[in-house]
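Presented below is the structure to which this report refers.
The values are calculated or read from the model by the stated rules, or taken from the named source; none is laboratory data. For clarity, every value in this text was computed on a predicted model and none was experimentally measured. Glycine also receives a Cβ, built like all others from the backbone with ideal geometry; neighbour counts cover every protein chain displayed. Calculation scope for accessible area: heavy atoms of the full protein, side chains included, ligands and nucleic acids excluded. Shrake-Rupley method; radii C 1.70, N 1.55, O 1.52, S 1.80 Å.
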Amino acid sequence: MSREFLLNLCILGGLIAVPLWAHLADEPFTITLATRAVILALAAVGLNIALGIGGLVSLGHAVFFGIGGYAMGILAFHAQTYMPLAEWPVLIEGTRSMPVIWLLAVLASGLVALVIGLLSLRTSGVYFIMITLAFGQMFFFFSISWSAYGGEDGLSIYVRNGFPGLNTLVPIQFYGLCLAILAAVLALNAALMRSPFGLALNAARQVPERVRAVGLDPFRLRLVAFTLSGAITGLAGALFADLNRFVSPTMFSWQLSGEFIVFIIIGGTARLFGPVVGAVLFVAMEHFLGGISAYWHVFFGLLLLLIVLFGKGGVIGLIAGKAQTHD
(Lines give C-alpha, C1' and ligand atoms only; values in the text may rest on other atoms or scores of the structure.)
Protein backbone atom coordinates (compact mmCIF):
# COMPACT_ATOMS: atom_id res chain seq x y z
CA MET A 1 0.00 0.00 0.00
CA SER A 2 1.24 3.49 -0.80
CA ARG A 3 1.38 6.33 1.72
CA GLU A 4 -1.25 8.17 -0.31
CA PHE A 5 -3.63 5.22 -0.13
CA LEU A 6 -3.23 5.04 3.66
CA LEU A 7 -3.70 8.80 3.90
CA ASN A 8 -6.90 8.53 1.87
CA LEU A 9 -8.19 5.90 4.28
CA CYS A 10 -7.42 8.19 7.22
CA ILE A 11 -9.27 11.07 5.55
CA LEU A 12 -12.29 8.86 4.91
CA GLY A 13 -12.15 7.62 8.50
CA GLY A 14 -12.14 11.22 9.72
CA LEU A 15 -15.18 12.03 7.59
CA ILE A 16 -16.98 9.18 9.35
CA ALA A 17 -15.66 9.67 12.88
CA VAL A 18 -16.11 13.43 13.37
CA PRO A 19 -19.85 13.57 12.49
CA LEU A 20 -20.48 10.42 14.59
CA TRP A 21 -18.78 12.12 17.55
CA ALA A 22 -20.83 15.27 16.93
CA HIS A 23 -24.01 13.19 16.82
CA LEU A 24 -23.20 11.48 20.14
CA ALA A 25 -22.20 14.81 21.68
CA ASP A 26 -25.41 16.44 20.42
CA GLU A 27 -23.58 18.96 18.22
CA PRO A 28 -25.82 19.21 15.13
CA PHE A 29 -24.06 22.34 13.86
CA THR A 30 -20.80 20.42 13.52
CA ILE A 31 -22.63 17.83 11.43
CA THR A 32 -24.01 20.62 9.23
CA LEU A 33 -20.48 22.00 8.74
CA ALA A 34 -19.27 18.52 7.79
CA THR A 35 -22.17 18.15 5.36
CA ARG A 36 -21.27 21.46 3.73
CA ALA A 37 -17.65 20.32 3.37
CA VAL A 38 -18.66 16.98 1.83
CA ILE A 39 -20.97 18.62 -0.70
CA LEU A 40 -18.39 21.21 -1.74
CA ALA A 41 -15.86 18.38 -2.00
CA LEU A 42 -18.24 16.52 -4.31
CA ALA A 43 -18.45 19.57 -6.59
CA ALA A 44 -14.66 19.86 -6.65
CA VAL A 45 -14.24 16.12 -7.31
CA GLY A 46 -16.44 16.64 -10.36
CA LEU A 47 -14.25 19.51 -11.54
CA ASN A 48 -11.12 17.44 -10.84
CA ILE A 49 -12.11 15.05 -13.64
CA ALA A 50 -11.86 17.89 -16.13
CA LEU A 51 -9.01 19.81 -14.48
CA GLY A 52 -6.90 17.16 -12.80
CA ILE A 53 -7.00 14.51 -15.52
CA GLY A 54 -7.89 16.58 -18.58
CA GLY A 55 -6.09 19.82 -17.73
CA LEU A 56 -9.21 21.91 -18.38
CA VAL A 57 -9.20 25.01 -16.17
CA SER A 58 -12.86 26.01 -16.06
CA LEU A 59 -13.95 29.27 -14.42
CA GLY A 60 -17.57 28.48 -15.21
CA HIS A 61 -18.18 25.26 -13.31
CA ALA A 62 -20.50 27.07 -10.95
CA VAL A 63 -22.95 27.03 -13.90
CA PHE A 64 -23.52 23.32 -13.35
CA PHE A 65 -23.60 23.75 -9.58
CA GLY A 66 -26.28 26.40 -9.98
CA ILE A 67 -28.28 24.37 -12.49
CA GLY A 68 -28.36 21.46 -10.04
CA GLY A 69 -29.44 23.81 -7.27
CA TYR A 70 -32.19 25.42 -9.32
CA ALA A 71 -33.39 22.01 -10.53
CA MET A 72 -33.97 21.13 -6.89
CA GLY A 73 -35.44 24.52 -6.03
CA ILE A 74 -37.88 24.64 -8.95
CA LEU A 75 -39.14 21.07 -8.48
CA ALA A 76 -39.53 21.47 -4.72
CA PHE A 77 -41.13 24.91 -5.10
CA HIS A 78 -43.82 23.57 -7.40
CA ALA A 79 -44.39 20.64 -5.07
CA GLN A 80 -44.82 22.85 -1.99
CA THR A 81 -47.13 25.30 -3.79
CA TYR A 82 -49.10 22.53 -5.53
CA MET A 83 -48.55 24.28 -8.85
CA PRO A 84 -47.57 22.18 -11.88
CA LEU A 85 -44.51 23.13 -13.89
CA ALA A 86 -46.48 22.71 -17.09
CA GLU A 87 -49.89 21.46 -18.15
CA TRP A 88 -49.37 21.25 -21.91
CA PRO A 89 -48.74 19.02 -23.76
CA VAL A 90 -48.57 16.82 -20.63
CA LEU A 91 -49.04 17.55 -16.95
CA ILE A 92 -45.66 17.95 -15.21
CA GLU A 93 -45.71 18.40 -11.45
CA GLY A 94 -43.06 19.23 -8.88
CA THR A 95 -41.58 16.62 -6.57
CA ARG A 96 -39.92 16.28 -3.16
CA SER A 97 -38.26 12.97 -4.03
CA MET A 98 -34.47 13.30 -3.86
CA PRO A 99 -33.73 10.48 -6.35
CA VAL A 100 -35.98 12.10 -8.97
CA ILE A 101 -34.48 15.53 -8.30
CA TRP A 102 -30.93 14.15 -8.52
CA LEU A 103 -31.68 12.46 -11.82
CA LEU A 104 -33.06 15.65 -13.35
CA ALA A 105 -30.22 17.74 -11.89
CA VAL A 106 -27.61 15.40 -13.38
CA LEU A 107 -29.34 15.30 -16.77
CA ALA A 108 -29.84 19.08 -16.94
CA SER A 109 -26.32 19.99 -15.84
CA GLY A 110 -24.79 17.27 -18.03
CA LEU A 111 -26.71 18.51 -21.08
CA VAL A 112 -25.63 22.11 -20.48
CA ALA A 113 -22.03 20.92 -19.96
CA LEU A 114 -22.22 19.10 -23.30
CA VAL A 115 -23.39 22.25 -25.11
CA ILE A 116 -20.85 24.50 -23.40
CA GLY A 117 -18.12 21.94 -24.05
CA LEU A 118 -18.95 21.73 -27.75
CA LEU A 119 -18.38 25.47 -28.02
CA SER A 120 -15.59 26.16 -25.53
CA LEU A 121 -13.38 23.12 -26.16
CA ARG A 122 -12.62 24.39 -29.65
CA THR A 123 -10.28 26.80 -27.85
CA SER A 124 -7.55 26.22 -25.28
CA GLY A 125 -5.57 27.99 -22.61
CA VAL A 126 -6.72 31.43 -21.53
CA TYR A 127 -9.39 31.51 -24.27
CA PHE A 128 -11.04 28.41 -22.81
CA ILE A 129 -10.94 29.96 -19.34
CA MET A 130 -12.56 33.17 -20.57
CA ILE A 131 -15.30 31.39 -22.52
CA THR A 132 -16.31 29.29 -19.52
CA LEU A 133 -16.27 32.47 -17.41
CA ALA A 134 -18.52 34.17 -19.97
CA PHE A 135 -21.04 31.32 -19.80
CA GLY A 136 -20.98 31.54 -16.03
CA GLN A 137 -21.79 35.25 -16.12
CA MET A 138 -24.59 34.65 -18.62
CA PHE A 139 -26.31 32.19 -16.30
CA PHE A 140 -25.67 34.41 -13.28
CA PHE A 141 -27.39 37.44 -14.80
CA PHE A 142 -30.19 35.29 -16.23
CA SER A 143 -30.96 33.93 -12.75
CA ILE A 144 -31.02 37.46 -11.33
CA SER A 145 -33.66 38.45 -13.88
CA TRP A 146 -35.71 35.23 -13.44
CA SER A 147 -38.42 36.80 -11.30
CA ALA A 148 -40.65 33.71 -11.43
CA TYR A 149 -38.19 31.98 -9.11
CA GLY A 150 -37.15 34.80 -6.83
CA GLY A 151 -34.77 36.70 -9.07
CA GLU A 152 -32.00 38.34 -7.09
CA ASP A 153 -33.62 37.35 -3.77
CA GLY A 154 -33.45 33.65 -4.48
CA LEU A 155 -35.96 30.94 -3.68
CA SER A 156 -36.69 29.36 -0.28
CA ILE A 157 -37.83 25.79 0.24
CA TYR A 158 -39.80 25.11 3.41
CA VAL A 159 -39.01 21.43 3.99
CA ARG A 160 -36.00 19.35 2.98
CA ASN A 161 -36.79 16.80 0.30
CA GLY A 162 -37.14 13.14 1.16
CA PHE A 163 -35.22 9.95 0.50
CA PRO A 164 -36.84 6.50 0.88
CA GLY A 165 -36.13 4.98 4.29
CA LEU A 166 -34.45 8.06 5.75
CA ASN A 167 -35.49 11.14 7.68
CA THR A 168 -33.40 13.74 5.89
CA LEU A 169 -34.26 16.39 8.51
CA VAL A 170 -32.06 14.47 10.96
CA PRO A 171 -28.59 15.96 10.35
CA ILE A 172 -26.61 12.71 10.71
CA GLN A 173 -28.87 10.87 8.26
CA PHE A 174 -28.60 13.57 5.60
CA TYR A 175 -24.85 13.69 6.17
CA GLY A 176 -24.59 9.92 5.73
CA LEU A 177 -26.46 10.19 2.46
CA CYS A 178 -24.13 12.93 1.16
CA LEU A 179 -21.04 11.00 2.29
CA ALA A 180 -22.24 7.85 0.53
CA ILE A 181 -22.64 9.81 -2.71
CA LEU A 182 -19.18 11.34 -2.32
CA ALA A 183 -17.67 7.89 -1.71
CA ALA A 184 -19.41 6.52 -4.82
CA VAL A 185 -18.15 9.39 -6.97
CA LEU A 186 -14.62 8.99 -5.58
CA ALA A 187 -14.76 5.29 -6.49
CA LEU A 188 -15.92 6.26 -9.97
CA ASN A 189 -13.10 8.79 -10.23
CA ALA A 190 -10.52 6.22 -9.12
CA ALA A 191 -11.79 3.72 -11.69
CA LEU A 192 -11.76 6.44 -14.34
CA MET A 193 -8.12 7.30 -13.63
CA ARG A 194 -7.09 3.67 -14.17
CA SER A 195 -9.33 3.08 -17.19
CA PRO A 196 -8.18 3.33 -20.84
CA PHE A 197 -10.32 6.44 -21.14
CA GLY A 198 -8.59 8.11 -18.19
CA LEU A 199 -5.14 7.21 -19.51
CA ALA A 200 -6.05 8.54 -22.96
CA LEU A 201 -7.46 11.74 -21.45
CA ASN A 202 -4.28 12.24 -19.44
CA ALA A 203 -2.23 11.66 -22.58
CA ALA A 204 -4.37 14.18 -24.48
CA ARG A 205 -3.56 16.73 -21.77
CA GLN A 206 0.19 16.14 -22.11
CA VAL A 207 0.82 15.29 -25.78
CA PRO A 208 -2.35 15.61 -27.90
CA GLU A 209 -0.42 15.01 -31.13
CA ARG A 210 0.52 11.49 -30.07
CA VAL A 211 -3.09 10.76 -29.11
CA ARG A 212 -4.19 11.74 -32.61
CA ALA A 213 -1.42 9.58 -34.05
CA VAL A 214 -2.94 6.44 -32.48
CA GLY A 215 -6.40 7.25 -33.86
CA LEU A 216 -8.02 8.95 -30.85
CA ASP A 217 -9.70 12.35 -30.90
CA PRO A 218 -8.57 14.61 -28.00
CA PHE A 219 -11.62 16.84 -28.51
CA ARG A 220 -14.03 13.94 -27.90
CA LEU A 221 -12.08 12.77 -24.86
CA ARG A 222 -12.19 16.22 -23.33
CA LEU A 223 -15.87 16.66 -24.20
CA VAL A 224 -16.84 13.42 -22.43
CA ALA A 225 -14.74 14.40 -19.40
CA PHE A 226 -16.22 17.92 -19.31
CA THR A 227 -19.78 16.58 -19.59
CA LEU A 228 -19.26 14.02 -16.82
CA SER A 229 -17.59 16.67 -14.71
CA GLY A 230 -20.54 19.05 -15.14
CA ALA A 231 -23.08 16.33 -14.30
CA ILE A 232 -21.34 15.48 -11.01
CA THR A 233 -21.04 19.15 -10.06
CA GLY A 234 -24.75 19.56 -10.81
CA LEU A 235 -25.55 16.73 -8.39
CA ALA A 236 -23.53 18.55 -5.73
CA GLY A 237 -25.55 21.70 -6.44
CA ALA A 238 -28.82 19.85 -5.80
CA LEU A 239 -27.49 18.54 -2.48
CA PHE A 240 -26.19 21.98 -1.50
CA ALA A 241 -29.58 23.54 -2.19
CA ASP A 242 -31.24 20.83 -0.11
CA LEU A 243 -28.82 21.44 2.74
CA ASN A 244 -29.64 25.16 2.86
CA ARG A 245 -33.24 24.79 1.61
CA PHE A 246 -32.48 27.86 -0.46
CA VAL A 247 -31.20 28.65 -3.95
CA SER A 248 -29.95 31.98 -5.25
CA PRO A 249 -27.95 33.46 -8.16
CA THR A 250 -24.78 33.28 -6.06
CA MET A 251 -24.66 29.58 -6.92
CA PHE A 252 -23.69 30.70 -10.46
CA SER A 253 -20.99 33.17 -9.34
CA TRP A 254 -17.50 32.97 -10.83
CA GLN A 255 -16.08 33.31 -7.31
CA LEU A 256 -17.57 29.91 -6.48
CA SER A 257 -15.96 28.43 -9.59
CA GLY A 258 -12.66 29.87 -8.38
CA GLU A 259 -13.16 28.28 -4.96
CA PHE A 260 -13.61 24.85 -6.56
CA ILE A 261 -10.28 25.29 -8.36
CA VAL A 262 -8.61 26.42 -5.13
CA PHE A 263 -9.88 23.30 -3.30
CA ILE A 264 -8.17 21.14 -5.91
CA ILE A 265 -4.90 23.09 -5.82
CA ILE A 266 -4.68 23.05 -2.01
CA GLY A 267 -5.51 19.35 -1.71
CA GLY A 268 -3.49 18.29 -4.75
CA THR A 269 -4.30 18.46 -8.45
CA ALA A 270 -5.23 15.06 -9.90
CA ARG A 271 -5.04 13.51 -6.41
CA LEU A 272 -8.10 11.41 -5.67
CA PHE A 273 -8.81 12.97 -2.26
CA GLY A 274 -7.26 16.34 -3.09
CA PRO A 275 -10.60 18.16 -3.53
CA VAL A 276 -11.85 16.62 -0.27
CA VAL A 277 -8.90 17.93 1.72
CA GLY A 278 -9.22 21.36 0.10
CA ALA A 279 -12.95 21.64 0.84
CA VAL A 280 -12.53 20.48 4.45
CA LEU A 281 -9.73 23.00 5.07
CA PHE A 282 -11.79 25.78 3.49
CA VAL A 283 -14.89 25.08 5.62
CA ALA A 284 -12.79 24.65 8.78
CA MET A 285 -10.93 27.94 8.25
CA GLU A 286 -14.16 29.71 7.32
CA HIS A 287 -15.74 28.58 10.59
CA PHE A 288 -12.88 28.94 13.06
CA LEU A 289 -11.03 31.94 11.61
CA GLY A 290 -14.25 33.61 10.45
CA GLY A 291 -15.29 33.88 14.08
CA ILE A 292 -12.05 35.72 14.85
CA SER A 293 -11.78 38.07 11.88
CA ALA A 294 -13.87 39.08 8.92
CA TYR A 295 -10.66 39.00 6.89
CA TRP A 296 -10.07 35.26 7.31
CA HIS A 297 -9.65 34.96 3.53
CA VAL A 298 -6.21 36.54 4.00
CA PHE A 299 -5.06 33.47 5.94
CA PHE A 300 -6.62 31.17 3.39
CA GLY A 301 -4.81 33.09 0.66
CA LEU A 302 -1.52 32.67 2.52
CA LEU A 303 -2.12 28.92 2.72
CA LEU A 304 -2.77 28.82 -1.02
CA LEU A 305 0.39 30.86 -1.68
CA LEU A 306 2.51 28.50 0.43
CA ILE A 307 1.06 25.45 -1.33
CA VAL A 308 1.72 26.89 -4.78
CA LEU A 309 5.29 27.93 -3.92
CA PHE A 310 6.48 24.99 -1.84
CA GLY A 311 4.07 22.10 -2.30
CA LYS A 312 2.86 21.74 -5.86
CA GLY A 313 1.43 18.34 -5.00
CA GLY A 314 -0.90 20.02 -2.52
CA VAL A 315 -1.37 18.95 1.08
CA ILE A 316 -1.60 15.31 0.04
CA GLY A 317 1.60 15.64 -1.96
CA LEU A 318 3.41 17.16 1.03
CA ILE A 319 2.37 14.29 3.28
CA ALA A 320 2.37 11.35 0.90
CA GLY A 321 5.23 12.37 -1.37
CA LYS A 322 5.42 13.38 -5.00
CA ALA A 323 4.98 9.96 -6.55
CA GLN A 324 1.30 9.17 -7.08
CA THR A 325 0.25 5.55 -7.25
CA HIS A 326 -3.15 3.92 -7.54
CA ASP A 327 -3.38 1.04 -5.07
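Restricting attention to the stretch 234-261 and to residues that are assigned to a helix (DSSP H, G or I) and of a type in the set (Phe, Trp, Tyr), the residue that is nearest to GLN173 (Cα to Cα) turns out to be PHE240. When VAL276 is tested against (1) modelled with pLDDT under 85; (2) crowded, with 22+ Cβ neighbours inside 10 Å, only condition (1) is not met.
Of the candidates GLY117, GLY69, GLY110, the single residue that is modelled with pLDDT of 95 or more, farther than 26 Å from ARG194 by Cα and open to solvent by less than 20 Å² (accessible area, probe 1.4 Å) is GLY69. From the list ALA37, ALA44, ALA17, the lone residue that is part of a helix (DSSP H, G or I), open to solvent by less than 60 Å² (accessible area, probe 1.4 Å) and free of Cβ contacts under 8 Å to residues at least 40 places away in the same chain is ALA17. Can you pull out the residues in the stretch 280-300 that are assigned to a loop (DSSP other than H, G, I, E, B) and within 23 Å of the chain's Cα centre (by Cα)? Answer for the stretch 280-300, where residues must be assigned to a loop (DSSP other than H, G, I, E, B) and within 23 Å of the chain's Cα centre (by Cα): GLY290, TRP296. Residues in the stretch 54-64 that are open to solvent by less than 10 Å² (accessible area, probe 1.4 Å) and touching a Leu at 6+ places or on another chain (Cβ under 6 Å): GLY54, GLY60, HIS61, ALA62. When MET98 is tested against (1) modelled with pLDDT of 95 or more; (2) open to solvent by 50 Å² or more (accessible area, probe 1.4 Å), exactly one condition is not met: (2).
Being within 21 Å of THR35 (Cβ to Cβ) and buried (at least 19 other Cβ atoms within 10 Å of the Cβ): is that true of LEU239 here? When the stated conditions are applied, LEU239 passes them. All conditions in (1) in contact with a Leu (Cβ under 9 Å, 6 or more places away or on another chain); (2) closer than 25 Å to SER248 by Cβ; (3) of a type in the set (A, V, I, L, M) hold for LEU192, with the sole exception of (2).
Given the structure, is ALA231 assigned to a helix (DSSP H, G or I), surrounded by fewer than 13 Cβ atoms within 10 Å (Cβ to Cβ) and of a type outside the set (Val, Ile, Thr)? No, not satisfied. If you take the residues in the stretch 127-168 that are under 22 Å from the mean Cα position of the chain (by Cα) and open to solvent by 70 Å² or more (accessible area, probe 1.4 Å), which one is farthest from TYR70 (Cα to Cα)? Per the stated criteria, the residue is MET130. Given (1) touching a helix residue (DSSP H, G or I) at 6+ places or on another chain (Cβ under 7 Å); (2) surrounded by fewer than 24 Cβ atoms within 10 Å (Cβ to Cβ); (3) among the aromatic types (Phe, Trp, Tyr), identify the lone condition not met by PHE252. It is condition (2) that PHE252 fails.
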